[in-house]
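Let me give you the structure first, and then I'll get to my questions.
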2 protein chains.
Amino acid sequence: MLWVGIDVGGMSIKGGLVNAKGKILLSESVTTQPQAPQEETIGVIAELSARLIENAEETVGGVGIGIPGTIDAKRGVVVYANNIRFENVPMAASVSERLGGLRVEIGNDANCAALGEVRFGSGKGYENAVFVTLGTGVGSGIVLDGTVYEGRAGAGAEAGHMVICSDGECCTCGRKGCWEAYASATALIRMTKRALEAHPESKMAEFAQNEGKVSGKTAFLAARAGDTAGLEVVAAYENYVAEGLVNLVNIFRPEILLIGGGVSHEGAYFIDALQKIVDARSYGGARNPRVEVKAATLGNAAGILGAAALVI
Amino acid sequence: MLWVGIDVGGMSIKGGLVNAKGKILLSESVTTQPQAPQEETIGVIAELSARLIENAEETVGGVGIGIPGTIDAKRGVVVYANNIRFENVPMAASVSERLGGLRVEIGNDANCAALGEVRFGSGKGYENAVFVTLGTGVGSGIVLDGTVYEGRAGAGAEAGHMVICSDGECCTCGRKGCWEAYASATALIRMTKRALEAHPESKMAEFAQNEGKVSGKTAFLAARAGDTAGLEVVAAYENYVAEGLVNLVNIFRPEILLIGGGVSHEGAYFIDALQKIVDARSYGGARNPRVEVKAATLGNAAGILGAAALVI
């Protein structure tokens, strides 16, 4: 049997035909039309699914759809998705209807990615995992006993909006001091720019010039080259990321913490530093079970695979 | 059928015979002997249970025991309990053996209290609740789908050790800036003392003198009397308590937040202020389901009732 995974993004809607081992056998992408009416977007998703099903060489058991926003997975309703302008849309039922009653499940995209990593990626074999993406924002997905924990009406699992610095930096959500405002790539870039102003002699200036901009890589490049200001920025950033991770350890004590998003490509240099802080600061120290920190491995495929995992 | 609930505290071990409605029909208390060997303490708990069972007018279905510390409830093992000096003790099996094989379950005391409130107290009728005790420290119990979530090997649900002020006040756990270091009664007393030093003219001085000490009530008494410094302390304290509560809303989005511990006796004056901040700052605002803040109602009985709820 095969399954369809659909990853609804702000730029494109990606679909893939997935087997039980988490291999994408066929994929297709269409451009997102954020201004299109809801019915049209649902039609595009159903048609993309139908084309993949047509080309499947085995029976298709269902369609899973991952969408950024507040998703009430149990009821199959998109409560609110800013990038496709959906509000209270019973998407699962609507798509299923267009596919002759085929099973359709929907979920928040970060939750899907977490599920994908646990089923097919770096979290394989673990039943309890917290997945965190460090990107423009900080997304999180929580897997408990092998299933996604999303909170009432899908409005939980927003660990990015956990305050770690009360009255600190302004967050997009309206609060001050959220983890997202310190641990996102956006925050890292802000910290890098501020350090560059204070230390124009830093190697960061050179790396930024080469890339044409200050990016999430700038401070890491400088730190790896031994630059003092770069090392300071990276240490401060790692500390903030780890503060939130240790909080999640103390709350969930999962088996594993999975780190995704662009910054996770810094690899062992970054992940090992986080592991060290998590080991040192988790409640109860060595008396309590150690929580491993690992980089997520599915990358862009996590969206399709995680969505498919909703129905596999 | 009846059940036995045992609440192991640092000062006393309390036991009660509980019915299915959460009424304590009979109770007894013995003094804790912290220096006693493990076998002796287990014997005391088993004997206390046996006496209650003997006096029961119905069959007793099992014994539940709540213990402060890290408890691996699934395996029935006390991983670490500082106040009775237990480390890796298979307490459930040992007590059961002494009671002729009767069913015995153990759990962390804060987790038990949470379960007690959900079954018989202010959380009755709710399946998803986060319970927080504001006492010497900040304890937390998490109930998801009607059962206690304790994390791997019982080492989760330590929301008191979630950092809300990175690099802030020192916490007993070794981290800096934990919620416990801002939201416990201990923290409130520290804040009150500091404010008294800065504002010796405050009405707090008078209230402290009447009580013979600065307590968790001092600032609240002054605030209720309109004292400016007292109002400031209470507002700051409420803000810190709410920071953690909003974090827990964004992570769990439960139906209800239950507040226990001495400070919760401030009643609506305190609870309403927390509700206001939780409503204003929770992620997604009014678009997401509202989380109600309520004072816990079982008080000291929560320990016995919650322990009994492990087996009811």
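Can you list residue pairs whose Cβ atoms sit under 9 Å apart, with the first residue in region B:50-64 being surrounded by fewer than 15 Cβ atoms within 10 Å (Cβ to Cβ) and the second being part of a loop (DSSP other than H, G, I, E, B)? Count only pairs 6 or more apart in sequence or on different chains.
Pairs found: B:E58/B:M1; B:E58/B:N19; B:T59/B:M1.
Could you list, in sequence order, all residues of region A:288-312 that are of a type in the set (S, T, N, Q) and farther than 26 Å from A:I251 by Cα?
In the first step, residues of region A:288-312 are kept if they are of a type in the set (S, T, N, Q); the result is A:288, A:297, A:300.
Selection gives A:N300 alone.
Tell me which residues, restricted to region B:4-20, are at pLDDT below 95 and surrounded by fewer than 18 Cβ atoms within 10 Å (Cβ to Cβ).
Once the filter is applied, which keeps residues that are at pLDDT below 95 and surrounded by fewer than 18 Cβ atoms within 10 Å (Cβ to Cβ), region B:4-20 yields B:G9, B:G10, B:M11, B:S12.
Also: Can you pull out the residues in region B:223-263 that are of a type outside the set (V, I, T), in a helix (DSSP H, G or I), within 14 Å of chain A (Cβ to nearest Cβ) and touching a residue at least 60 places away in the same chain (Cβ under 8 Å)?
Within region B:223-263, B:Y240, B:E243, B:G244, B:L245, B:N247, B:L248, B:F252 qualify.
Could I ask something else about it? Take A:A295 and decide whether it is modelled with pLDDT of 95 or more and in contact with a helix residue (DSSP H, G or I) (Cβ under 8 Å, 6 or more places away or on another chain). Step through it out loud before you land on a result.
On the way: modelled with pLDDT of 95 or more: yes; in contact with a helix residue (DSSP H, G or I) (Cβ under 8 Å, 6 or more places away or on another chain): yes.
Considered against the rule, which asks whether it is modelled with pLDDT of 95 or more and in contact with a helix residue (DSSP H, G or I) (Cβ under 8 Å, 6 or more places away or on another chain), A:A295 comes out as yes.
Of the residues B:A114, B:A73, which single one is within 20 Å of the chain's Cα centre (by Cα), within 16 Å of B:D7 (Cα to Cα) and surrounded by fewer than 24 Cβ atoms within 10 Å (Cβ to Cβ)? Talk me through it step by step, then tell me what you get.
Values: B:A114 fails: surrounded by fewer than 24 Cβ atoms within 10 Å (Cβ to Cβ).
That would be B:A73, the only listed residue that is within 20 Å of the chain's Cα centre (by Cα), within 16 Å of B:D7 (Cα to Cα) and surrounded by fewer than 24 Cβ atoms within 10 Å (Cβ to Cβ).
Then there's this: What are the pairs, 6+ residues apart or on separate chains, where a residue within region A:297-309 that is among the polar types (S, T, N, Q) has its Cβ under 6 Å from a residue that is open to solvent by less than 30 Å² (accessible area, probe 1.4 Å)?
If the second residue must be open to solvent by less than 30 Å² (accessible area, probe 1.4 Å), the pairs left are A:T297/A:G121; A:T297/A:S122.
Okay, moving on. Tell me, yes or no, whether region A:191-209 has at least one residue that is touching a helix residue (DSSP H, G or I) at 6+ places or on another chain (Cβ under 7 Å), under 28 Å from A:A129 (Cβ atoms) and among the charged types (D, E, K, R).
no
Where in region A:125-221 are the helices (runs of 4 or more DSSP H), entirely inside, with at least 1 residues that are more than 14 Å from chain B (Cβ to nearest Cβ) and not polar (S, T, N, Q)? If you could, list the steps in order and put the result at the bottom.
Working: elements: A:180-183, A:185-198, A:203-211.
Counting at least 1 such residues, we get A:185-198, A:203-211.
Let's see how each residue does on (1) open to solvent by 60 Å² or more (accessible area, probe 1.4 Å); (2) in contact with a Pro (Cβ under 7 Å, 6 or more places away or on another chain); (3) at pLDDT 95 or above:
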position: B:V79; (1), (2), (3): no, no, no
position: B:S94; (1), (2), (3): no, no, yes
position: B:E127; (1), (2), (3): yes, no, no
position: B:V130; (1), (2), (3): no, yes, yes
position: B:G137; (1), (2), (3): no, no, no
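For region A:267-284, give me each residue that is open to solvent by less than 30 Å² (accessible area, probe 1.4 Å) and either modelled with pLDDT under 95 or part of a helix (DSSP H, G or I) (or both).
Filtering region A:267-284 down to residues open to solvent by less than 30 Å² (accessible area, probe 1.4 Å) leaves A:267, A:270-271, A:273-275, A:278, A:282, A:284.
Within region A:267-284, A:F270, A:I271, A:A273, A:L274, A:Q275, A:V278, A:G284 qualify.
Restricting region B:141-174 to residues that are charged (D, E, K, R) and within 17 Å of A:G168 (Cβ to Cβ), which is surrounded by the fewest Cβ atoms within 10 Å (Cβ to Cβ)? Step through it out loud before you land on a result.
First, pick out the residues of region B:141-174 that are charged (D, E, K, R): B:145, B:150, B:152, B:158, B:167, B:169.
Adding the requirement that they be within 17 Å of A:G168 (Cβ to Cβ) leaves B:167, B:169.
Values: B:D167: 12, B:E169: 14.
In this case the residue turns out to be B:D167.
The values are calculated or read from the model by the stated rules, or taken from the named source; none is laboratory data. As the structure is a computational prediction, the values presented were derived from the model and not from experiment. So basically every Cβ, Gly included, is an ideal-geometry build from the backbone, and we count neighbours across all protein chains shown. Areas reflect the complete protein model, heavy atoms only, side chains present, ligands, DNA and RNA absent. Shrake-Rupley method; radii C 1.70, N 1.55, O 1.52, S 1.80 Å.
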